[in-house]
1. Could you tell me whether any residue of segment 300-307 is crowded, with 16+ Cβ neighbours inside 10 Å and farther than 23 Å from GLU281 by Cβ?
2. Can you tell me how many residues in segment 272-299 are crowded, with 23+ Cβ neighbours inside 10 Å and in contact with a Ser or Thr (Cβ under 6 Å, 6 or more places away or on another chain)?
3. Do we find that LEU31 is of a type outside the set (Asp, Glu), modelled with pLDDT of 80 or more and farther than 25 Å from ASP167 by Cβ in this structure?
4. Got a sec? Which helices (runs of 4 or more DSSP H) wholly within segment 280-362 have at least 3 residues that are of a type in the set (Phe, Trp, Tyr)?
5. Considering only segment 149-265, give the helices (runs of 4 or more DSSP H) lying wholly within it that have at least 1 residues that are farther than 22 Å from VAL33 by Cβ and out of contact with any Gly (no Cβ under 8 Å at 6 or more places or on another chain).
6. So which residues in segment 52-74 are surrounded by 19 or more Cβ atoms within 10 Å (Cβ to Cβ) and either at pLDDT 75 or above or assigned to a helix (DSSP H, G or I) (or both)?
7. Within the bounds of segment 124-133, is there any residue that is at pLDDT below 85, in a helix (DSSP H, G or I) and surrounded by fewer than 15 Cβ atoms within 10 Å (Cβ to Cβ)?
8. With (1) assigned to a helix (DSSP H, G or I); (2) within 27 Å of the chain's Cα centre (by Cα); (3) under 24 Å from LEU313 (Cβ atoms) as the list, and LYS387 as the residue in question, which single condition is left unmet?
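The values are calculated or read from the model by the stated rules, or taken from the named source; none is laboratory data. Everything numeric in this text was worked out from a predicted model, so none of it was measured. We place every Cβ from the backbone using ideal geometry, glycine too, and count neighbours over all the protein chains shown.
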Amino acid sequence: MKILAIAICTLILGLSSLELTSETSSLWASLFVSPDYFAVHMLTAVCLLLLSRPAIPFLFHRMTSRVGLGAAGALALILSAIALDPASLPKDAVVLATIRFVASLTLSYPIAYLVSEFLPASDDVASPEVVSPEEDRAVPVSKWSPLGIGLVLATVIPFSYGHFLADYYSNQLTEALKNQRLELARSASGSWSRLAPLARWHDQPVDEIHAQLVGEVNRIRNALSELSAGQVRSNPGMVASMALQVDDFDGAVSVIEPHLQGNAPSPFAWDTFGLILQRQELWPESEQAYRKAFELWNQQTASSNENGLASALRGIAHAQNRQGRVRDAEQTYQQLLEIDSSAETHFLLAQFYEEEQQTEEAYHHASEAMILAPAQFQQPGQTLINKLQSAHMGCFQIYRRPR
């Protein structure tokens, strides 16, 4: 039985890691959305099964174990069948949550079985040979209480984490569209629509937004593939921008690479190169590229270099912050403020200080941004201020740090 349980555990974990880390149309990916969401369901289900041992003595013994292990293996294979149409899943939130609960309970059975085999014997867990039907019907309340705790954990934790994920995908979609990262927006909207099929973003169904983004991403990719070499050379900035929208980093680098060296290297090309490295989260390399752009922009005339210098400083500060060099980043942001005191810069500083939990500074810069550009920053500024007024708690905020 242990060998069978180990084999089924390997099957379940292997298939889930394969399908949840790739964007497939499988029922598995549609049910559990992401590896972390799947892990939350599995861990809480294992806890529920283990906490139910005192109340249900036969749970991990004899025929029940064989049936449970077999059901877990069968369900893993069914969830891995690409032919099953994920669109057939119900959109009702309660029904979908129930399906996820039952599926995770079944899939986690082999893990709970193996864990129970290594747990020390307890007087609270009776052997099936010594439990009579009369005794089984008269299980003390004290043995049922762990089961109640397990049920609460198995429902509240996935529900809470699902709400966190919905907020995360909403913020990711907002930031991606703000930065014209259509491929990232497509991925975020797809995950969000699988998590909550009836979710809405700015009063528009998320699944409709996802369909629109899929079409737009495909259109840009097709347009890039049809460009001639002459068209690329004549307008490298536009082509690189299109490639960045669909996260085609190699394509963007190939376009700007000829403009990085030579007798007259382009500060715009180095600035774009820094952005490419930033989106790949290569922070030291990104900082160096932005520093090169800053150096080249400094060599331009004062009337044309201000925007370029500001862009380079934003990139340098962001890279420093992501490397953990907070004080260096703060100094660079202050240098940026001297060059560009716009509402965008103030709000960027407000976000930086909010992340560092410097409440007064964050409040000051958020307020300045709201005063300078109320139409653009009134709502996000107020949202940031509201966050400052509440305690920063929750490990989930640390797990998925925004890029």
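1. Checking segment 300-307: at least one residue is crowded, with 16+ Cβ neighbours inside 10 Å and farther than 23 Å from GLU281 by Cβ.
2. Residues that pass the stated criteria total 1.
3. In short, no.
4. Passing ranges, in order: 283-298, 343-355.
5. Values: elements: 182-195, 206-225, 229-234, 236-245, 249-256.
Of the helices (runs of 4 or more DSSP H) lying wholly inside segment 149-265, those with at least 1 residues that are farther than 22 Å from VAL33 by Cβ and out of contact with any Gly (no Cβ under 8 Å at 6 or more places or on another chain) span 206-225, 229-234, 236-245, 249-256.
6. SER52, SER65, GLY68, LEU69, ALA72, GLY73
7. Initial filter on segment 124-133 (at pLDDT below 85): 124-133.
This time we only want the ones that are in a helix (DSSP H, G or I), so: 133.
If we keep only those that are surrounded by fewer than 15 Cβ atoms within 10 Å (Cβ to Cβ) too, we end up with 133.
Yes, segment 124-133 contains at least one residue that is at pLDDT below 85, in a helix (DSSP H, G or I) and surrounded by fewer than 15 Cβ atoms within 10 Å (Cβ to Cβ).
8. Exception for LYS387: condition (3).
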